[in-house]
1. Might you let me know whether region A:212-224 holds any residue that is more than 13 Å from chain B (Cβ to nearest Cβ), in a helix (DSSP H, G or I) and at pLDDT 80 or above?
2. Of all residues in region B:507-521, count the ones that are more than 14 Å from chain A (Cβ to nearest Cβ) and among the acidic types (Asp, Glu).
3. Select from region B:255-310 the residues that are in a loop (DSSP other than H, G, I, E, B) and surrounded by fewer than 18 Cβ atoms within 10 Å (Cβ to Cβ) and list them in ascending order.
4. Within region B:151-193, how many residues turn out to be in a loop (DSSP other than H, G, I, E, B) and either of a type in the set (Lys, Arg) or out of contact with any Lys or Arg (no Cβ under 7 Å at 6 or more places or on another chain) (or both)?
5. If you take the residues in region A:274-287 that are within 8 Å of chain B (Cβ to nearest Cβ) and of a type in the set (A, V, I, L, M), which one is nearest to residue B:274 (Cα to Cα)?
6. I'd like the residue in region B:531-557 that is in contact (Cβ under 8 Å) with a residue 60 or more places away in the chain and within 9 Å of chain A (Cβ to nearest Cβ) and, out of all such residues, is farthest from the chain's Cα centre (by Cα).
7. Would you confirm, using the coordinates I've provided, whether residue A:60 is of a type outside the set (Gly, Ala, Ser), in the same structural domain as residue A:168 (by TED's automatic domain parsing) and at pLDDT below 95?
8. On the basis of being touching a Gly at 6+ places or on another chain (Cβ under 8 Å), surrounded by fewer than 23 Cβ atoms within 10 Å (Cβ to Cβ), more than 23 Å from residue A:523 (Cα to Cα) and within 14 Å of chain A (Cβ to nearest Cβ), does residue B:155 make the cut?
There are 2 protein chains.
Amino acid sequence: MEEDNAAGPSKKALKKAEAKAKKEALKAQRAAERVTTQVANVELEDDPAKDNYGTVTNPTFSADAEEVELRDLDESYDGKKVVIRAWLQNSRTQSAKMGFVELRKGGNWTIQGLVLATITGTGAESQLPAEGTPIISRRMVKFITAINPESFIAVEAQVKRPIEPVKSCRISTLELHITKAFVLAAAPPVLGMTMAASNQPVANFSDEEPKAEEEVKKEPEAEGGIPAASMLTHLDNIAMHKRAPVQQAIADIRIEVKRLFRSYLEERRFKEFEPPCLIGAASEGGANVFRLAYFGQEAFLAQSPQFYKQFEIAGGRERVFSIGPVFRAENSNTPRHMTEFTGLDLEMEIKHSYFEVIQVLEGVLLHILRGLRERCADEIEVVRSVYPSEDFLLPEPGKEVRLTFAEGQKLLREEGPEEFRNVRDDEDMSTAQEKALGAVVRAKYNTDFYVLDKFPETARPFYAKVDDAGTTVGDNIRVTNAFDFFLRGQEVLSGGQRINDPKELEERIRAKGVDPNSEGIKEYLTTFRQVGVPPHGGGGIGLDRVVAWFLALPSVHLAAFYPRTPKRLLP
Amino acid sequence: MEEDNAAGPSKKALKKAEAKAKKEALKAQRAAERVTTQVANVELEDDPAKDNYGTVTNPTFSADAEEVELRDLDESYDGKKVVIRAWLQNSRTQSAKMGFVELRKGGNWTIQGLVLATITGTGAESQLPAEGTPIISRRMVKFITAINPESFIAVEAQVKRPIEPVKSCRISTLELHITKAFVLAAAPPVLGMTMAASNQPVANFSDEEPKAEEEVKKEPEAEGGIPAASMLTHLDNIAMHKRAPVQQAIADIRIEVKRLFRSYLEERRFKEFEPPCLIGAASEGGANVFRLAYFGQEAFLAQSPQFYKQFEIAGGRERVFSIGPVFRAENSNTPRHMTEFTGLDLEMEIKHSYFEVIQVLEGVLLHILRGLRERCADEIEVVRSVYPSEDFLLPEPGKEVRLTFAEGQKLLREEGPEEFRNVRDDEDMSTAQEKALGAVVRAKYNTDFYVLDKFPETARPFYAKVDDAGTTVGDNIRVTNAFDFFLRGQEVLSGGQRINDPKELEERIRAKGVDPNSEGIKEYLTTFRQVGVPPHGGGGIGLDRVVAWFLALPSVHLAAFYPRTPKRLLP
């Protein structure tokens, strides 16, 4: 499984990479300084092309030039005059008369532009072109090719078909013959992280600053000789991190997961609601909860919307979902953990059986996974070009794999690695066991997605409904109507039927050693006593994990817009 | 304007109402106790109908009965056998043989059910009905009409047209002839707040507990003699609060606002993102920010996604929006304030002018306001039946009102109340001034929605871009490309063009007396220095306020799912 590579390259490789990156940066800086000096020496005042280029905030363009977004540029624009706003990604000088640039916009849309001087000769012998031809000087060519990469520029150009396709650009069958070019927002001469580095796999996810200035003896091992950067460098250069096509693609996939989740549920009459983040009691046990001073009392950050989803059901909302932040004050510095992440939660009335809940949750997850393959094929390819992964195996319709917890443990004992020969049916699984079982299930059932149901009550919170049939496992432990869902052997969803009878609920609260009169619990229990609450169940999906494990990313941090870890709150 | 009633009834009226509510509850309790005793005395064992009613968790129904949701019940079901799961809202006994119930589901769908004994005679003389006729005993009739209101029940029934329409129910042209009835989740005999009380206007929004046991001399002033309850009582009975049709309607309208916001922006290529709640610096000034201990450092709760929206633009996302919680540690106990609320935010690249931003924001808000009128006409009516309001006046397309701040102040001086004769063009407006100007604009332009642009820089944060033309107002104060939007004279949106040049930004940060090297600010500024950031602007809409002011609710707390106030964090 890809998971074995989750820790990334070795520390040694990392240090080499970081050192190489610094060396590259220094080299780039020197080159940039040379160019900047040259450009500064040009006297613009006597340049006949001086109105066609420069650094200005509000440039003017020809009245007959159409403003177009790169992604909208197609063959129908051949021969037309356009204005394009984009990032200058690369440039090179062919000769004193001619230069090339690569422009990027809309995440991953790139096109080649070229600029060719129309003023012939140099100095006193120079001649303006014929009336009607754009005036382009050698100085203008020099200016354009000297623009710092990642500057935001606007060009006026004629769209033409290139002699042969420009393989290095996504828009390969068109190019821009630039006639005006203005820098709207200049990047500095040296970037803290280049685009080439940003679009490499992150070298290391540690939150520790690497020891500076270590001697490097060999070249780093990164492919193609492009240095990789650590996650710290990525976050310190947040704009460059986000501009990389791989991060643009991950962000777009993340958006699509939310959209697929929402649309599937709305079609089934689920209604969105917003649970609070600030809550008055550490309702789910008190461990790993953030606390804050709140006008003379104490407040807590919600670890899940659990109680509030249930209040919605008690409040007659029938079927609800929420998409929002949840918080865990867990001091875990691993690629699997964050202190703030996004929960996709749902809760619904049950008519006959909690299988109705499994059905909806399985349905929505498969809708998401299948939907991604259909709608995000391009984005998945972009991600894979940086983070290679095996195809995500989806079960065929009607062949979804649902195992009981006991069946899962049995499989693990019988077909899993040696070390798991003695796993028990009445004890929760470790992450290592989950991954091992995922591998067994994949080999046996040809799927990276499956459900584990009927968890023992020892592994579940007090609100989990115990199996009506009185089934027990192991040391006479009852099982619950509660389940987890797995992607590539890693949990992405926990759910189950909840207790809706206040007497049963109070009994389970006491059995779990919780005081039914403690703050938060009391109000929770009271709600069930105040009105009749219908049978219900639901589940919570970790959005970041769905994105990360579906794409087999080495860290969940790559799936988040702004990963929060115990050591990192900025930017 | 409706705002004058925002404070609700007087304290005296409130106390009366609360006392009356208690009296009513006591009366109901006594009545309920009588009924419960009677039912308990019934010996079920010898009842031939005993399988057709009772309190069970998993009842069985006839194989030919179709499970239907109340909202789906239409004329096509006439004569058919159905199973309905719903709340019992009301019941009454017509005779020993006959009873009526009112069932509610799906927020506001109600229907009348009736149950008629088919066993003739009583005691030893009783006779079973003919073969094929449902067996319904007088004890069953008694059981059904004695079910505590707000219990969740399941009934099997034949759908029939009533002799005349049942005016008290939304489904008035059908009724249910009940043949089986099971209580799935029983409400207690006495509700902490009845449905009748819950669907009244909230009597008082104060967070202070009313002084208990005050003598009441007269009847409360609430209409129809139904006692109103305070917001405290509503929140203490969260399920009953939510079950009221008025709250169901408000929740549905709130959902629609989000949906309209999202769909309008997605059609215009805006991409959703998720800003963090946990941030490493009190970036926007440090006032009114919640602080918490975070693994040996200090963390803060985001007051807005401002910086993060801009990082997205710097990161090449072009046009972004976010929907999520923001936090203000403001000790304001008013119907206008909450400590946690939902922000609808957007940010976009600017091509030519920040009017592009106003255009999108005006467009999305008008899309929301017009969309609500079209899609939520029923819900708006439900809300108005409890909280009457004047029609929200929308500008005709093409006649949107945009005033500069100076024009607004001039209007206020010339056509506003006496007290505002001397308002200055270089000082921010107070809430009272805003409301007064809203009234003037409504009278003059026939709209409850308008834009105030070009705020003086004294009234705006450091990132607001100053007007290029160098326009000044009052005491030589420059104006900014920043604006507010108003609904019924109350601000719901703040926005503007942001500074994208790092030098200009640093200058403004210093001018505002902020240290450009302070934590959070430094990282913010660094991002603009690291790469070229295109011109951009955006705005933030308060979702709770849009809902509350559009509906002219007396408090923004009614628009929230779980209002958070300085004194209230539960439930």
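1. Narrowing region A:212-224 to residues more than 13 Å from chain B (Cβ to nearest Cβ): A:212-224.
Subsequent filtering for residues that are in a helix (DSSP H, G or I) retains A:223-224.
From what's left, at pLDDT 80 or above: none.
Within region A:212-224, none of the residues are more than 13 Å from chain B (Cβ to nearest Cβ), in a helix (DSSP H, G or I) and at pLDDT 80 or above.
2. Of the residues in region B:507-521, 2 are more than 14 Å from chain A (Cβ to nearest Cβ) and among the acidic types (Asp, Glu).
3. Here is the first cut: in region B:255-310, the residues in a loop (DSSP other than H, G, I, E, B) are B:268-270, B:273-277, B:280-290, B:295-296, B:302-305.
B:268, B:269, B:285, B:286, B:287, B:288, B:295, B:296 - these are the residues of region B:255-310 that are in a loop (DSSP other than H, G, I, E, B) and surrounded by fewer than 18 Cβ atoms within 10 Å (Cβ to Cβ).
4. Initial filter on region B:151-193 (in a loop (DSSP other than H, G, I, E, B)): B:151, B:161-174, B:186-193.
Subsequent filtering for residues that are either of a type in the set (Lys, Arg) or out of contact with any Lys or Arg (no Cβ under 7 Å at 6 or more places or on another chain) (or both) retains B:151, B:161-172, B:186-187, B:189-193.
Qualifying residue count for the region: 20.
5. Quick first cut of region A:274-287, residues within 8 Å of chain B (Cβ to nearest Cβ) only: A:274-281.
Then keep just the ones that are of a type in the set (A, V, I, L, M); that gives A:278-279, A:281.
Values: A:278: 18, A:279: 21, A:281: 26 Å.
Checking each candidate, the answer is A:278.
6. It comes out as B:531.
7. Details: of a type outside the set (Gly, Ala, Ser): yes; in the same structural domain as residue A:168 (by TED's automatic domain parsing): yes; at pLDDT below 95: yes.
Yes; evaluated as a whole, the condition is true for this residue.
8. Working: touching a Gly at 6+ places or on another chain (Cβ under 8 Å): yes; surrounded by fewer than 23 Cβ atoms within 10 Å (Cβ to Cβ): no; more than 23 Å from residue A:523 (Cα to Cα): yes; within 14 Å of chain A (Cβ to nearest Cβ): yes.
For residue B:155, the condition - touching a Gly at 6+ places or on another chain (Cβ under 8 Å), surrounded by fewer than 23 Cβ atoms within 10 Å (Cβ to Cβ), more than 23 Å from residue A:523 (Cα to Cα) and within 14 Å of chain A (Cβ to nearest Cβ) - is not met.
The values are calculated or read from the model by the stated rules, or taken from the named source; none is laboratory data. What you see is a predicted model; the values in this text were computed from it and never measured. In this analysis, Cβ positions are derived from the backbone assuming ideal geometry, glycine residues included, and neighbour counts consider all displayed protein chains.
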